[in-house]
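The values are calculated or read from the model by the stated rules, or taken from the named source; none is laboratory data. None of the values given here were measured: they were computed from a predicted structure. Here Cβ is always computed from backbone atoms with ideal geometry, including for glycine, and neighbour counts include all displayed protein chains.
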Amino acid sequence: MTDLFADVNGIRICYEILGEGELVLLVHGLGSKKESWIGQFKPLSEPFKVIRFDNRGAGKSDRPKGNYSMEVFADDITGLMDYLKIDKAHIIGWSLGGMIVQNFVIKYPERVNKMVLINTNYGTPDESGAEVYKDMRIANLKAKQKDPEQAFWQSIRADYHITFRKQLEAEPSKKWHGLWSAEDLIKESMINPPTIEDIEVQAKAVNTHHTLERLSEIKNESLLITSTHDRVIPTSVMKEMHERIPNSTLKIIDKAGHGSPRSRAPEINEMIIDFLK
(Lines give C-alpha, C1' and ligand atoms only; values in the text may rest on other atoms or scores of the structure.)
Protein backbone atom coordinates (compact mmCIF):
# COMPACT_ATOMS: atom_id res chain seq x y z
CA MET A 1 0.00 0.00 0.00
CA THR A 2 1.20 3.47 -0.89
CA ASP A 3 0.46 6.77 0.80
CA LEU A 4 -1.14 9.16 -1.67
CA PHE A 5 -1.75 12.88 -1.30
CA ALA A 6 -4.64 15.10 -2.35
CA ASP A 7 -4.71 18.90 -2.50
CA VAL A 8 -7.78 19.81 -0.44
CA ASN A 9 -8.84 23.24 0.79
CA GLY A 10 -5.31 24.63 0.71
CA ILE A 11 -3.67 21.66 2.47
CA ARG A 12 -2.46 18.17 1.56
CA ILE A 13 -4.47 15.21 2.82
CA CYS A 14 -2.74 11.81 3.00
CA TYR A 15 -4.87 8.81 2.05
CA GLU A 16 -4.75 5.13 1.05
CA ILE A 17 -7.07 3.11 -1.19
CA LEU A 18 -7.55 -0.65 -1.08
CA GLY A 19 -9.99 -3.00 -2.80
CA GLU A 20 -12.67 -2.75 -5.47
CA GLY A 21 -16.41 -2.22 -5.40
CA GLU A 22 -18.66 0.24 -3.62
CA LEU A 23 -16.75 3.06 -1.94
CA VAL A 24 -16.33 3.25 1.82
CA LEU A 25 -14.63 6.13 3.64
CA LEU A 26 -13.09 5.66 7.11
CA VAL A 27 -12.78 8.69 9.43
CA HIS A 28 -10.53 8.35 12.51
CA GLY A 29 -10.60 9.85 15.99
CA LEU A 30 -8.88 12.53 18.08
CA GLY A 31 -5.11 12.30 18.41
CA SER A 32 -5.19 9.32 16.06
CA LYS A 33 -4.47 8.69 12.37
CA LYS A 34 -5.65 6.55 9.47
CA GLU A 35 -3.71 3.50 10.72
CA SER A 36 -6.06 3.28 13.71
CA TRP A 37 -8.39 1.44 11.30
CA ILE A 38 -6.04 -1.58 11.31
CA GLY A 39 -8.98 -3.79 12.27
CA GLN A 40 -11.14 -2.68 9.32
CA PHE A 41 -9.01 -1.50 6.39
CA LYS A 42 -8.03 -4.88 4.91
CA PRO A 43 -11.13 -6.88 5.94
CA LEU A 44 -13.54 -4.29 4.51
CA SER A 45 -11.47 -4.03 1.31
CA GLU A 46 -12.44 -7.60 0.40
CA PRO A 47 -16.03 -6.64 -0.54
CA PHE A 48 -15.53 -2.86 -0.91
CA LYS A 49 -13.16 -0.18 -2.18
CA VAL A 50 -11.97 1.42 1.06
CA ILE A 51 -10.35 4.81 1.55
CA ARG A 52 -8.78 5.75 4.86
CA PHE A 53 -7.16 9.14 5.32
CA ASP A 54 -5.43 11.31 7.90
CA ASN A 55 -7.57 14.22 9.04
CA ARG A 56 -5.92 17.63 8.92
CA GLY A 57 -3.70 17.90 11.97
CA ALA A 58 -2.97 14.17 11.98
CA GLY A 59 -0.60 11.56 10.57
CA LYS A 60 1.00 12.57 7.27
CA SER A 61 -1.61 15.17 6.35
CA ASP A 62 -0.73 18.84 6.75
CA ARG A 63 -1.10 20.27 10.24
CA PRO A 64 -1.97 23.92 9.72
CA LYS A 65 -2.30 26.21 12.72
CA GLY A 66 -5.55 28.01 13.42
CA ASN A 67 -9.04 27.06 14.51
CA TYR A 68 -10.41 23.67 13.53
CA SER A 69 -14.14 22.99 13.50
CA MET A 70 -16.54 20.26 12.53
CA GLU A 71 -17.43 22.24 9.42
CA VAL A 72 -13.76 22.42 8.39
CA PHE A 73 -13.36 18.66 8.84
CA ALA A 74 -16.60 18.00 6.91
CA ASP A 75 -15.48 20.26 4.07
CA ASP A 76 -12.16 18.38 3.92
CA ILE A 77 -14.05 15.15 3.27
CA THR A 78 -16.02 16.82 0.48
CA GLY A 79 -12.79 18.21 -0.93
CA LEU A 80 -11.16 14.77 -0.88
CA MET A 81 -14.18 13.24 -2.61
CA ASP A 82 -14.10 15.97 -5.25
CA TYR A 83 -10.37 15.44 -5.77
CA LEU A 84 -10.95 11.70 -6.27
CA LYS A 85 -14.05 12.35 -8.41
CA ILE A 86 -16.30 10.49 -5.99
CA ASP A 87 -19.95 11.52 -6.11
CA LYS A 88 -21.22 9.33 -3.31
CA ALA A 89 -19.89 6.81 -0.76
CA HIS A 90 -20.65 4.93 2.42
CA ILE A 91 -18.98 6.62 5.39
CA ILE A 92 -17.81 5.24 8.74
CA GLY A 93 -16.66 7.32 11.71
CA TRP A 94 -15.21 6.26 15.07
CA SER A 95 -15.16 8.58 18.12
CA LEU A 96 -14.19 12.08 16.85
CA GLY A 97 -14.51 10.57 13.38
CA GLY A 98 -18.15 9.78 14.15
CA MET A 99 -18.73 13.40 15.19
CA ILE A 100 -17.20 14.59 11.93
CA VAL A 101 -19.34 12.13 9.97
CA GLN A 102 -22.56 13.38 11.59
CA ASN A 103 -21.73 16.95 10.59
CA PHE A 104 -20.75 15.81 7.10
CA VAL A 105 -23.97 13.86 6.56
CA ILE A 106 -26.12 16.72 7.84
CA LYS A 107 -24.38 19.22 5.55
CA TYR A 108 -23.87 16.97 2.51
CA PRO A 109 -26.54 14.20 2.66
CA GLU A 110 -26.43 13.79 -1.12
CA ARG A 111 -22.78 12.63 -0.93
CA VAL A 112 -23.57 9.70 1.40
CA ASN A 113 -25.09 6.29 0.79
CA LYS A 114 -25.11 4.69 4.25
CA MET A 115 -23.61 5.95 7.51
CA VAL A 116 -21.91 3.96 10.30
CA LEU A 117 -21.12 5.57 13.67
CA ILE A 118 -18.91 3.76 16.20
CA ASN A 119 -18.45 4.78 19.85
CA THR A 120 -19.28 8.44 19.31
CA ASN A 121 -21.59 11.17 20.63
CA TYR A 122 -23.73 14.15 19.66
CA GLY A 123 -21.72 16.70 21.66
CA THR A 124 -21.41 17.74 25.29
CA PRO A 125 -23.34 20.40 27.25
CA ASP A 126 -20.18 22.45 27.80
CA GLU A 127 -16.45 22.37 27.06
CA SER A 128 -15.60 20.16 30.04
CA GLY A 129 -16.23 16.94 28.09
CA ALA A 130 -13.68 17.78 25.41
CA GLU A 131 -11.24 19.03 28.06
CA VAL A 132 -11.27 15.70 29.89
CA TYR A 133 -10.50 13.77 26.71
CA LYS A 134 -7.91 16.34 25.61
CA ASP A 135 -6.12 16.17 28.96
CA MET A 136 -6.14 12.37 28.83
CA ARG A 137 -4.60 12.34 25.34
CA ILE A 138 -1.97 14.96 26.22
CA ALA A 139 -0.98 13.06 29.37
CA ASN A 140 -0.60 9.91 27.27
CA LEU A 141 1.44 11.79 24.67
CA LYS A 142 3.86 13.06 27.33
CA ALA A 143 4.15 9.57 28.79
CA LYS A 144 4.77 8.17 25.29
CA GLN A 145 7.69 10.56 24.79
CA LYS A 146 9.35 9.09 27.89
CA ASP A 147 8.44 5.42 27.47
CA PRO A 148 6.20 4.40 24.52
CA GLU A 149 5.68 0.86 25.77
CA GLN A 150 4.64 1.84 29.28
CA ALA A 151 2.40 4.61 27.88
CA PHE A 152 0.63 2.03 25.69
CA TRP A 153 -0.14 -0.27 28.62
CA GLN A 154 -1.51 2.69 30.57
CA SER A 155 -3.66 3.93 27.67
CA ILE A 156 -5.41 0.61 26.97
CA ARG A 157 -7.40 0.91 30.20
CA ALA A 158 -9.73 3.25 28.33
CA ASP A 159 -9.71 1.17 25.15
CA TYR A 160 -10.36 -2.43 26.15
CA HIS A 161 -12.36 -4.57 28.56
CA ILE A 162 -10.26 -5.93 31.43
CA THR A 163 -10.43 -9.51 30.13
CA PHE A 164 -8.97 -8.48 26.77
CA ARG A 165 -6.36 -6.26 28.44
CA LYS A 166 -5.08 -9.25 30.40
CA GLN A 167 -4.85 -11.27 27.21
CA LEU A 168 -2.85 -8.51 25.53
CA GLU A 169 -0.47 -8.28 28.47
CA ALA A 170 0.02 -12.04 28.53
CA GLU A 171 0.74 -12.29 24.79
CA PRO A 172 1.97 -8.92 23.45
CA SER A 173 3.23 -10.50 20.21
CA LYS A 174 0.02 -12.41 19.42
CA LYS A 175 -1.65 -11.36 16.16
CA TRP A 176 -5.27 -10.69 17.10
CA HIS A 177 -7.71 -11.70 14.36
CA GLY A 178 -4.64 -12.08 12.13
CA LEU A 179 -4.48 -8.28 11.91
CA TRP A 180 -2.51 -6.71 14.77
CA SER A 181 -0.59 -7.32 17.98
CA ALA A 182 0.09 -5.11 20.99
CA GLU A 183 3.67 -4.83 19.73
CA ASP A 184 2.37 -3.60 16.37
CA LEU A 185 0.29 -0.89 18.07
CA ILE A 186 3.22 0.24 20.22
CA LYS A 187 5.46 0.49 17.15
CA GLU A 188 2.80 2.33 15.14
CA SER A 189 2.19 4.82 17.97
CA MET A 190 5.76 6.11 17.57
CA ILE A 191 5.31 6.95 13.87
CA ASN A 192 4.02 10.46 13.03
CA PRO A 193 2.52 10.98 16.50
CA PRO A 194 0.39 14.05 17.24
CA THR A 195 1.84 17.07 18.98
CA ILE A 196 0.23 18.72 21.98
CA GLU A 197 -0.92 21.51 19.66
CA ASP A 198 -2.54 18.95 17.30
CA ILE A 199 -4.56 17.51 20.17
CA GLU A 200 -5.54 20.96 21.43
CA VAL A 201 -6.89 22.16 18.07
CA GLN A 202 -8.78 18.90 17.50
CA ALA A 203 -10.31 19.20 20.98
CA LYS A 204 -11.45 22.73 20.13
CA ALA A 205 -13.20 21.28 17.10
CA VAL A 206 -15.09 18.91 19.43
CA ASN A 207 -16.53 22.01 21.10
CA THR A 208 -18.17 22.94 17.78
CA HIS A 209 -20.00 19.60 17.66
CA HIS A 210 -23.67 19.96 18.60
CA THR A 211 -25.88 17.63 16.57
CA LEU A 212 -28.47 16.45 19.12
CA GLU A 213 -31.30 18.63 17.79
CA ARG A 214 -30.35 17.91 14.17
CA LEU A 215 -30.03 14.13 14.23
CA SER A 216 -33.62 13.82 13.01
CA GLU A 217 -32.49 15.49 9.76
CA ILE A 218 -30.35 12.45 8.91
CA LYS A 219 -32.44 10.37 6.53
CA ASN A 220 -29.61 8.12 5.32
CA GLU A 221 -29.80 4.51 6.46
CA SER A 222 -27.54 4.36 9.53
CA LEU A 223 -25.84 1.79 11.75
CA LEU A 224 -24.79 2.78 15.27
CA ILE A 225 -22.33 0.58 17.16
CA THR A 226 -21.69 1.11 20.87
CA SER A 227 -19.72 -0.81 23.51
CA THR A 228 -20.91 -1.69 27.01
CA HIS A 229 -17.62 -0.86 28.73
CA ASP A 230 -16.72 2.29 26.81
CA ARG A 231 -15.28 4.65 29.44
CA VAL A 232 -15.12 7.54 26.98
CA ILE A 233 -18.67 7.53 25.56
CA PRO A 234 -21.45 5.73 27.47
CA THR A 235 -23.80 3.37 25.66
CA SER A 236 -26.73 5.53 26.84
CA VAL A 237 -25.54 8.35 24.55
CA MET A 238 -25.70 6.22 21.42
CA LYS A 239 -29.06 4.77 22.47
CA GLU A 240 -30.39 8.34 22.51
CA MET A 241 -28.83 9.00 19.10
CA HIS A 242 -30.51 5.86 17.75
CA GLU A 243 -33.87 7.14 19.00
CA ARG A 244 -33.39 10.42 17.15
CA ILE A 245 -31.97 9.18 13.84
CA PRO A 246 -35.06 7.97 11.93
CA ASN A 247 -33.62 5.22 9.75
CA SER A 248 -31.09 3.77 12.20
CA THR A 249 -30.14 0.40 13.69
CA LEU A 250 -28.30 0.07 17.02
CA LYS A 251 -25.83 -2.72 17.79
CA ILE A 252 -24.29 -3.16 21.26
CA ILE A 253 -20.93 -4.91 21.69
CA ASP A 254 -20.83 -6.60 25.09
CA LYS A 255 -17.70 -6.51 27.29
CA ALA A 256 -15.81 -4.13 24.99
CA GLY A 257 -14.39 -0.64 25.38
CA HIS A 258 -13.73 2.41 23.20
CA GLY A 259 -11.23 0.42 21.13
CA SER A 260 -13.77 -2.22 20.11
CA PRO A 261 -13.06 -1.78 16.36
CA ARG A 262 -9.70 -3.41 17.12
CA SER A 263 -10.50 -5.82 19.95
CA ARG A 264 -13.73 -7.05 18.36
CA ALA A 265 -12.80 -6.47 14.72
CA PRO A 266 -14.38 -9.61 13.16
CA GLU A 267 -17.71 -9.04 14.93
CA ILE A 268 -17.85 -5.36 14.02
CA ASN A 269 -16.68 -5.97 10.45
CA GLU A 270 -19.42 -8.55 9.93
CA MET A 271 -22.01 -6.05 11.20
CA ILE A 272 -20.70 -3.37 8.85
CA ILE A 273 -20.51 -5.65 5.79
CA ASP A 274 -24.01 -7.04 6.37
CA PHE A 275 -25.36 -3.51 6.80
CA LEU A 276 -23.64 -1.98 3.78
CA LYS A 277 -24.53 -4.88 1.51
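Remark: Val206 matches the filter, which requires a residue to be under 16 Å from the mean Cα position of the chain (by Cα), modelled with pLDDT under 95, surrounded by 22 or more Cβ atoms within 10 Å (Cβ to Cβ) and more than 19 Å from Leu25 (Cβ to Cβ). Considering (1) more than 26 Å from Lys142 (Cβ to Cβ); (2) in contact (Cβ under 8 Å) with a residue 24 or more places away in the chain, the lone condition that Pro261 does not fulfil carries the number (1). Checking each residue in the stretch 145-183 for being surrounded by fewer than 17 Cβ atoms within 10 Å (Cβ to Cβ) and among the acidic types (Asp, Glu) picks out Asp147, Glu149, Glu169, Glu171, Glu183. Kindly provide the set of residues from the stretch 169-193 that are farther than 21 Å from Phe41 by Cα and of a type outside the set (Gly, Ala, Ser), ordered by number. Across the stretch 169-193, the qualifying residues are Glu169, Glu171, Pro172. Looking at the stretch 202-277, the helices (runs of 4 or more DSSP H) lying wholly inside it that each contain 3 or more residues that are in contact with a Leu (Cβ under 6 Å, 6 or more places away or on another chain) sit at 235-244. When Leu224, Leu168, Leu215, Leu185 are screened for being touching a strand residue (DSSP E or B) at 6+ places or on another chain (Cβ under 7 Å) and among the hydrophobic types (A, V, I, L, M, F, W, C), only Leu224 passes. Can you tell me which residues in the stretch 176-199 are under 28 Å from Ser61 (Cβ atoms), in a loop (DSSP other than H, G, I, E, B) and of a type outside the set (S, T, N, Q)? His177, Leu179, Met190, Ile191, Pro193, Pro194 - these are the residues of the stretch 176-199 that are under 28 Å from Ser61 (Cβ atoms), in a loop (DSSP other than H, G, I, E, B) and of a type outside the set (S, T, N, Q).
Here the condition is being hydroxyl-bearing (Ser, Thr, Tyr) and either modelled with pLDDT of 95 or more or closer than 16 Å to Lys204 by Cα (or both); of Ser128, Ser155, it holds for Ser128 alone. The residues listed here are Arg52, Arg111; of these, the one that is closer than 30 Å to Trp176 by Cβ and of a type in the set (Lys, Arg) is Arg52. Within the stretch 204-262, the set of residues being within 22 Å of Phe41 (Cα to Cα) and of a type in the set (Gly, Ala, Ser) comprises Ser222, Ser227, Ala256, Gly257, Gly259, Ser260.
A quick yes/no check of all residues on (1) of a type outside the set (S, T, N, Q); (2) within 21 Å of Leu30 (Cα to Cα); (3) crowded, with 19+ Cβ neighbours inside 10 Å:
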site: Phe48; (1), (2), (3): yes, no, yes
site: Phe53; (1), (2), (3): yes, yes, yes
site: Ala58; (1), (2), (3): yes, yes, yes
site: Pro64; (1), (2), (3): yes, yes, no
site: Tyr68; (1), (2), (3): yes, yes, yes
site: Asp75; (1), (2), (3): yes, yes, no
site: Tyr83; (1), (2), (3): yes, no, no
site: Ile86; (1), (2), (3): yes, no, no
